[in-house]
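Engineer: Got a structure for you, written out below as structure tokens; questions coming shortly.
The values are calculated or read from the model by the stated rules, or taken from the named source; none is laboratory data. Small disclaimer: the values here were computed from a predicted structure and weren't measured. In this analysis, Cβ positions are derived from the backbone assuming ideal geometry, glycine residues included, and neighbour counts consider all displayed protein chains. All accessible areas refer to the heavy atoms of the entire protein, side chains included, with ligands and DNA or RNA removed. Shrake-Rupley method; radii C 1.70, N 1.55, O 1.52, S 1.80 Å.
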Amino acid sequence: EIGLMDYQGSGTDETIGYTQIDLEERWYSKDFQAFMKTNNVPVEYRPLINKSNLSKGSLEMWLEVLDSQDAAEIPVNVLYQPPPTEVEVRVIVWGVKDVSHKLCIDDVGEEREKIDIMMRCQLECRSYVGPHPKEQESDIHRSATNEGEYNWRFVYPRVQVTKGVPLDCILELSLWETFAVARPMPLCETRIDMKNYCKRVSLQRTMVQIEDDLPMTNAKHAAKMEEEAEDTLAIGANTNEGGEEDGSDEDENPEAGIIQHKTAPPAATLKCTVQVISQVEAAMADVKAGLGRNDPNQFPALTFPKSGRSWQATLPTAAAAIEAVVEAANTGKNRCKIMMMIIMIALPIFLVHYIKGSNGCPLIQKSCKSSSVCEGCARCYNTLLDDSTFCFYSFLQSADAVCGSTKKDKCNIKRSTCSCASPGSCLLTDCIRDPKEFRR
């Protein structure tokens, strides 16, 4: 008799089904003896019957019956375990909300109003053989009050699922407060058992995706909340002695005489998406995804968070360039090169602003008094004013915008443009006053 049992771990195992074989009949069967001599025993598919004589499936097996002499001469057939099926587990953390600051205490015993928080994901799975570490971290959301935004992807490729072998696969997602010098401090966590999801994908080869808001808890936080609730209850009891209504957080069952404590709220709520994909599908170009927000950023594409990030995180290229310049400036040889480059760039800029041309303006500027720049101003300008009064940067503003508007009273022209009433020939009638009246 060969039976299939339901393993209970503790107690008596229950029989799922069994099959019976008459060994004497096999031993004296000429056909069976012929199979044994050629070492070619056929594979059998025998029904598994329960006590009610109902079929509970079939058993794939073969049977060999040998005497002691043959058993010593014929080698045992080598049995191989079925090859494992690989799946990929992905966790997309969108953000956290309702973050409690009960454990975020400063040096004077007060709760910090703003904290820097990050997410950490750890895979507890002995059959994980992927290249990424089992413990992965997100970037840091800075100055969080009660919410944190991440849009971060954790990836665990090559989780092996073998038929008939127990699978332990648990995801632990935790929220941590980070500090500039000290080690991060755990705030709360939640655990997801991935065993059934991985087995389902390995058998059906179809993706499983779950999206939910998960409560995150912490034993210290729960104890502190319970302590505060007891203090509130004691205050409420004292208040009742004065004839006022009890404001405790407990519900009393008048029939049974039982006081039921309300469940403490979670330390935070995590919004995440969990994906389990067969490894073959996960390696396809349109499904493959990178860690965090790295390329390939798809399935789904994750956007950069709108809040809680420093300028270095928002502009990583600029930050890397500045760091490279600072690092290069730390050595004497590179410091000399950088100073020479700064001088070579700054000196021409200084010279074109310092040296003046024939129009009385620095070389980089133009003058409204020049006829090639503003014909009207050249005819009508106030002669009592210094030459520098008519200078402007032509690459920033046009002559009409400066000479005909901003410096119109200094140029002494009627029109709001540099052109005259008769193009190519400016007359005194184009001036507000006769320019002779301004001469010394």
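Engineer: For the chain, compute Rg over Rh where Rg is the Cα radius of gyration and Rh is the Kirkwood radius from the inverse mean 1/r over Cα pairs. Could you put the intermediate results ahead of the total?
Structural biologist: Numbers: Rg = 41.9 Å, Rh = 32.1 Å.
Ratio value, two decimals: 1.31.
Engineer: Sticking with this one: Pop the C-beta distance of Leu63 and Gln298 into the FRET formula with R0 = 60 Å and round what comes out to the nearest 0.05. Please report the intermediate quantities before stating the final value.
Structural biologist: Values: r = 53 Å, r/R0 = 0.88.
Once the sixth-power term is evaluated, E becomes 0.70.
Engineer: If you roll a 1.4 Å probe over the heavy atoms of the protein chains, what accessible area per residue do you get for the chain, in Å²?
Structural biologist: Details: 28220 Å² over 440 residues.
On a per-residue basis, the chain sits at 64 Å².
Engineer: Another question about this same structure. Quick check on the chain: helices-only [θ] at 222 nm, where DSSP H runs of length 4 and up contribute -39,500 (n - 2.57) each and the sum goes over total residues. Nearest 500, please. Kindly include the intermediate steps, with their values, before the conclusion.
Structural biologist: Values: 11 runs with 106 residues, N = 440.
Taken over the chain, the calculation gives -7000 deg cm²/dmol.
Engineer: Say each of Gln312 and Thr19 gets a label point 7 Å from the Cα, pointing the same way as Cα to Cβ; how far apart are those two points in nm?
Structural biologist: That separation, rounded to one decimal, is 6.7 nm.
Engineer: Let me ask you something else. With point charges of +1 on the Cβ of Lys and Arg and -1 on the Cβ of Asp and Glu, referenced to the Cα centre of the chain, which listed residue (Cys377, Ile364, Ala71) lies farthest in the positive direction of the dipole?
Structural biologist: Selected residue: Cys377.
Engineer: By residue number, which cysteines of the chain lack any other Cys whose Cβ falls under 4.7 Å from their Cβ?
Structural biologist: Those would be Cys104, Cys121, Cys188, Cys198, Cys272, Cys336, since no other cysteine Cβ in the chain comes under 4.7 Å of theirs.
Engineer: Say each of Leu427 and Asn196 gets a label point 7 Å from the Cα, pointing the same way as Cα to Cβ; how far apart are those two points in nm?
Structural biologist: Roughly 9.9 nm, to one decimal.
Engineer: Ordered by residue, what ³J(HN,Hα) values in Hz, to whole numbers, does the range 25-42 give under the Karplus form 6.51 cos²θ - 1.76 cosθ + 1.60, where θ = phi - 60° and Gly and Pro are x?
Structural biologist: Result, ordered by residue: 5, 5, 5, 8, 7, 5, 5, 5, 5, 5, 4, 5, 5, 8, 6, 9, 6, x Hz.
Engineer: Same structure again: Could you give me D for the range 80-155, from Stokes-Einstein at 4 °C and 1.567 mPa s, where the hydrodynamic radius is the Kirkwood radius over C-alpha pairs? Units µm² s⁻¹, please. Don't skip to the end; give the middle numbers.
Structural biologist: Working: Rh = 15.1 Å.
Estimated via Stokes-Einstein, D reaches 86 µm²/s.
Engineer: Still on this structure: If you roll a 1.4 Å probe over the chain with all protein chains in place, what percent of the accessible area is carbon or sulfur?
Structural biologist: Details: 15020 of 28220 Å².
C and S fraction of accessible area: 53 percent.
Engineer: Hey, if we sort Tyr28, Tyr150 by accessible area with the 1.4 Å probe, largest down, what's the order? Each step should come with its number before you reach the end.
Structural biologist: Numbers: Tyr28 165, Tyr150 0 Å².
Output order, biggest surface exposure first: Tyr28, Tyr150.
Engineer: Moving to a separate point now. Which order do Val76, Val287, Val129 take by accessible area at a 1.4 Å probe, largest first? Numbers along the way, then the final one.
Structural biologist: Numbers: Val76 130, Val287 10, Val129 65 Å².
Largest accessible area first, the residues go Val76, Val129, Val287.
Engineer: Please list 3J(HN,Hα) in residue order for the range 180-186, calculated via the Karplus relation 6.51 cos²θ - 1.76 cosθ + 1.60 where θ = phi - 60°; whole Hz, with x for glycine and proline.
Structural biologist: Result, rounded to whole Hz: 5, 10, 6, 6, x, 10, x.
Engineer: Which order do Phe299, Phe395 take when ranked by solvent-accessible area (1.4 Å probe, heavy atoms of all protein chains), largest first? The partial results should precede the final answer.
Structural biologist: Values: Phe299 70, Phe395 130 Å².
Result of the area sort, largest leading: Phe395, Phe299.
Engineer: What do you get for GluC sites (Glu not before Pro) in the range 1-78 restricted to DSSP loop and a cutoff of at most 12 other Cβ within 10 Å of the site's Cβ? Please list the in-between numbers first.
Structural biologist: Values: sites: Glu1, Glu14, Glu24, Glu25, Glu44, Glu60, Glu64, Glu73; in loops: Glu1, Glu64.
The qualifying sites are Glu1.
Engineer: Just subtract the alpha-carbon distance of Ser416 and Glu323 from 0.36 nm times their residue separation and send over the number in nm, one decimal. Intermediate results must be reported in sequence, preceding the final value.
Structural biologist: Numbers: separation 93, 0.36 × 93 = 33.48 nm, distance 5.02 nm.
This chain segment gains 28.5 nm when fully extended.
Engineer: Stokes-Einstein D for the range 1-149 at 25 °C, 0.890 mPa s, Kirkwood Rh over Cα pairs, in µm²/s?
Structural biologist: Numbers: Rh = 22.7 Å.
Answer from the Stokes-Einstein relation: 108 µm²/s.
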